[in-house]
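To start, the structure itself, in structure tokens.
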Amino acid sequence: MKFKCKVCGYIHEGNAAPEKCPVCSVDASNFEAVDAPAAPAKKGFLGGKNSNAYIVFYSTVMVVIVAALLAFTAMSLKERQDANILGEKKTAIMQSLGIEGNYDDVVSAYVVDANGDVMSQYNGDDALQMLFDLPGAYAAGTLPVFESKADGLYVIPVTGKGLWDDIWGYVALKSDMNTINGVVFAHAGETPGLGAEIATPKFWAMFPDKTIFEGNEYVGINVVKGGAKEGDNHAVDALTGGTKTSIGLQNMIKDSIAKYVPFLQKAMSNNVNE
Amino acid sequence: MSNEVKEALFSAKNMQSLTNPFSRNNPVIVQILGICSALAVTVQLKPSVVMALSVTVVTGLSNLILSLLRKGIPDRIRIIVQLVVIAALVILVDQVLKAFVYDVSKQLSVYVGLIITNCIVMGRVEAFALSNKPWPSLLDGIGNGLGYGVILVIIGFVRELFGSGTLWGVRIIPESFYEAGYANNGLMLFPPMALILVGIIIWVHRSKNTDLQEKE
């Protein structure tokens, strides 16, 4: 025997109508008996619309079509999307330098190796492309550097891990290779209102005029929980409620810039000689 | 179906599918659906408009596609089929936004992806598209998307104007006002104010449409 729910059309198989419809929760009085043919006539090669074979076939075809459609869209739009992301990175670099204008006119880029020597086989575009996979670029021993054409300030791209996901940013140094000119940070998935505050101008405003060297020794920037001491040139306040992200940010700055220290020291002595 | 009288494309009944959601059957202020995103993305006018258009595209196309498929969809997996179609459309919209209006797409962040869970979309598919022909379904989807969008745009307009003194990023309230002591309403920038605005819209709407009021 089969019973059909008059409200939602659910079909129950058994000797009596169910007490409650599992789909729409109405009681047994809403069920009516339907005469089930002893063996439902098979329609087509897959059977009827509700046969298992039809359902499996239907889902498979649907998934393949949707997957192909989405893959095609993603591929065809990727170029534009990457251009947008690149534009955002360019803006962030200029923002950390505190300048505006057309990126190509005001910023030059190149790649240095772990000893701080410029690698002439890479050009400015390669340096920009490396920003898409900065950890990979670091691992390959290639370090992209950006320089403002007007006043020779350097921008060091930094990358690390926050609490949940990647964090990255740009640290612009003044020509003494020690004092921070400005910073921009971004994140992929930190907690809104807590860790995500690293991406706000309010947080960035603490960084200018801090220094990353103590004498000749590289110390980086400490992000201090409870607030940096007054007059401490190497520390900023941590984020309230964003301690893990703050620690991640501190490590990001320390580890990333550490790779550039040979380059910075060379640039520093060059500047002294000039 | 051959003896069925062919209905005109813009017959009164079809037009009702399109226009009813604007006022009498508005998804946000009558059915109280999609409130979450209405609070989240309406700080400024531009994301509100983009969100409104995105939802309209998704409701319209999902209604159309599922109405075309409705006779072939196995009943037992119809919700899954609906979800797949809606999710695919939302991903398409998200990809297009990322490619063409990147800054807005960053502002909308997760809320574009969350259109999938917007009750309006699934609700219209289940309630209308699966039992109606493609053309009325398309109209119904567009109508509901726009009915949702209209509320978003109203809230976005008020919140940006009084919260930031701008519209579409352009300064509207002149500097002289600020010098004379006018200040932006900071509460406007927070979601609770959007909820209050929705409440005010519902109040005005109900006092105009007395038949919507519950009998005492």
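Only the coordinates and a few stated rules stand behind these numbers; no lab work does. Quantities reported herein were computed from a predicted structural model and do not represent experimental measurements. Cβ placement follows ideal geometry from the backbone for every residue including glycine, while neighbour counts extend to all protein chains displayed.
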At q = 0.08, 0.09, 0.15, 0.17 Å⁻¹, what log₁₀ I(q)/I(0) does a Debye calculation on the Cα points of the stretch A:78-273 give, no solvent, two decimals? -0.24, -0.31, -0.89, -1.16
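Stokes-Einstein diffusion coefficient for the stretch A:46-97 at 37 °C in a medium of 0.692 mPa s, Rh from the Kirkwood formula over Cα pairs: what value in µm²/s?
229 µm²/s
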Only helical DSSP H runs with n ≥ 4 go in: add -39500 (n - 2.57) per run for chain A, normalise by residue count and round the 222 nm mean residue ellipticity to 500 deg cm²/dmol. -12000 deg cm²/dmol
How large is the translational diffusion coefficient of chain B in µm² per second when you combine the Kirkwood radius over alpha carbon pairs with Stokes-Einstein at 37 °C and 0.692 mPa s? 177 µm²/s
Taking trypsin sites (Lys or Arg not before Pro) as exposed when DSSP calls them loop (any state but H, G, I, E, B) and at most 15 other Cβ atoms lie within 10 Å, what is the longest stretch of chain A free of them, the sites themselves excluded? A:44-148
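For chain B, what is the calculated [θ] at 222 nm in deg cm²/dmol (nearest 500), taking -39500 (n - 2.57) for each run of four or more DSSP H residues and dividing by its residue count?
Calculated from helices alone, the mean residue ellipticity at 222 nm is -20000 deg cm²/dmol.
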Could you list, bin by bin from short to long, the percent of Cα-Cα pairs of the protein assembly as shown in 20 Å steps? 18, 40, 29, 12, 1
For the stretch A:166-273, what does the equivalent ellipsoid look like in terms of its semi-axes, each the square root of 5 times an eigenvalue of the Cα gyration tensor, given largest first in whole Å? 25, 14, 11
Between residue B:168 and residue A:52, with labels modelled 7 Å along Cα→Cβ, what's the label distance in nm to one decimal, could you check? 5.9 nm
Within chain B, longest stretch free of exposed chymotrypsin sites (Phe, Trp or Tyr not before Pro) [DSSP loop, at most 15 other beta carbons within 10 Å]: B:11-167
Rounded if a/c is under 1.5, else prolate if a/b beats b/c, else oblate: with a ≥ b ≥ c from the C-alpha gyration tensor eigenvalues square-rooted, which is the stretch B:46-102? prolate
Say each of residue A:114 and residue B:114 gets a label point 7 Å from the Cα, pointing the same way as Cα to Cβ; how far apart are those two points in nm? 4.5 nm
How large is the Rg to Rh ratio of the stretch A:1-155 when both quantities use alpha carbon positions and Rh follows Kirkwood? 1.46
Relative contact order for chain A, counting Cα pairs under 8 Å that sit 6 or more residues apart, in percent: 12 percent
Label point distance in nm, residue A:8-residue A:24, each placed 7 Å from Cα along Cα→Cβ: 0.9 nm
Taking a 24 Å limit on the Cα-Cα distance, which of the listed pairs A:2/A:49; A:90/B:98; A:78/B:71 fall beyond it? A:78/B:71
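Computed FRET efficiency, Cβ-Cβ of residue B:71 and residue A:83, R0 56 Å: what is it to the nearest 0.05?
After rounding to 0.05, the efficiency reads 0.85.
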